[in-house]
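I have placed the structure first, in the form of structure tokens, so that the comments after it can refer back to it.
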Amino acid sequence: MDPRKRRTAAPPARGKGPEPLPSPSTQNTPLASASSPDLPETPVGTSHNRARSGPVISSESGFPRAPSPVEDVSGDEAVMDFKNKVALITGGAGGIGKAYAEELLKLGAKVSICDLDEENGELLAQQFNHLYGHNRTIFCLCDVTDYPQFEAAFQTTSSVFGGLDIVVNNAGIFNDRFWELEVDVNLNGVIRGTLLALRFMGRDRGGRGGTVVITGSTLGLRPCACVPIYTATKHAIIGFTRSFGDPFHMNLSGVRIIALCPGSTCTENNPEDMKKGILSPAYEPVWRKEYENRPFQPVQNVGRALIHVLVKGTSGSIWTVDNQNPPREVKFTSSP
């Protein structure tokens with residue numbers, strides 16, 4: 001089967017993750033993730049990276065029960081009110097992307113579900129409109145590897161809802177056997193989505209500012225021998241977020257850039273399905289050692305984490321969420 005035909009709802013992918021196991025809604029290829037979560041993940045600080053200097057995770061007290069004050073990108077103190085905010089979510093038809101959309105809708109936002117899975121995406125939009133209000137959710141067919149189609153999704157969302165405030169680059173796939181497509185979706189798709197977000201929301205481009213959240217993975221914070229290419233895309237997202245999230249860019253555009261990195265998450269895919277995405281059968285022993293018997297958090301935990309980082313996150317910050325715990329910000333040591 002042509003991986004592009006399944007790219008949409010793919011396992012995670014969109015859902016991005018083993019961390020989370022990818023969820024099928026987001027770009028589907030043989031193993032696409034609908035959110036971009038990654039495979040089950042080993043917590044930062046385990047034997048894999050114990051000897052390395054780098055990120056240190058600081059704990060947060062928990063999920064906010066209601067929006068709380070957050071520093072606006074302009075530097076002014078403001079209250080994060082999601083009512084009628086407009087959010088575009090790639091890989092939003094299933095898995096983590098679906099959880100993101102539902103949490104935002106519960107708080108009064110309007111959501112554009114962008115995915116390759118047209119059937120499930122249209123159905124989900126109808127369901128959400130029934131649950132959360134008429135015309136508060138739309139579906140846009142969107143392949144993040146196709147710039148014109150991706151651009152059209154932004155244009156449609158902005159036109160229908162009268163603007164754009166939040167972009168969640170969540171589409172992703174998990175399949176090292178189709179590594180060129182994996183890189184194009186997981187990394188190039190994030191770059192395309194971020195540049196489009198800056199164009200549509202940037203104050204320097206006539207926009208009103210906003211926030212971009214990128215679904216990364218805890219695999220972006222440590223090595224993973226069984227899925228080296230997928231892991232490389234997640235490491236790249238960390239560097240991209242920290243660089244584009246620099247105060248220079250935020251002050252120029254008024255757009256915060258933040259990454260949320262889920263650990264092992266239950267989505268529509270299971271570990272055996274994910275195993276099909278490793279590059280070689282010879283890697284299976286390493287896969288099993290890493291991920292067998294590992295607990296997976298419910299996708300709703302990641303959905304709630306999105307709200308937390310939207311309220312609390314500063315531009316350039318990296319957050320993890322796993323083991324059903326509240327999200328935690330990763331603190332990096334200073335560059336030499």
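The values are calculated or read from the model by the stated rules, or taken from the named source; none is laboratory data. Small disclaimer: the values here were computed from a predicted structure and weren't measured. Neighbour counts are summed over all protein chains in view; Cβ atoms, including those assigned to glycine, are modelled from backbone coordinates with ideal geometry.
For region 81-192, give me every one of the strands (runs of 3 or more DSSP E) that falls completely inside it and has 2 or more residues that are closer than 26 Å to G313 by Cα and either in contact (Cβ under 8 Å) with a residue 12 or more places away in the chain or within 17 Å of the chain's Cα centre (by Cα) (or both). So that I can check it myself, show each step before the final result.
Numbers: elements: 86-90, 110-115, 137-141, 166-169.
It comes to 86-90, 110-115, 166-169.
Checking L187 against (1) buried (at least 22 other Cβ atoms within 10 Å of the Cβ); (2) closer than 20 Å to C142 by Cβ: exactly one of these is not met. Which one?
Every listed condition holds for L187 apart from (1).
Provide a single number: the residues in region 209-218 that are surrounded by 22 or more Cβ atoms within 10 Å (Cβ to Cβ), of a type outside the set (S, T, Y) and either in a loop (DSSP other than H, G, I, E, B) or modelled with pLDDT under 95 (or both).
So the count comes out to 1.
As an exercise: evaluate G206 against (1) surrounded by 16 or more Cβ atoms within 10 Å (Cβ to Cβ); (2) farther than 30 Å from E292 by Cβ; (3) not basic (K, R) and give the number of the one condition it does not meet.
Result: G206 passes all but (1).
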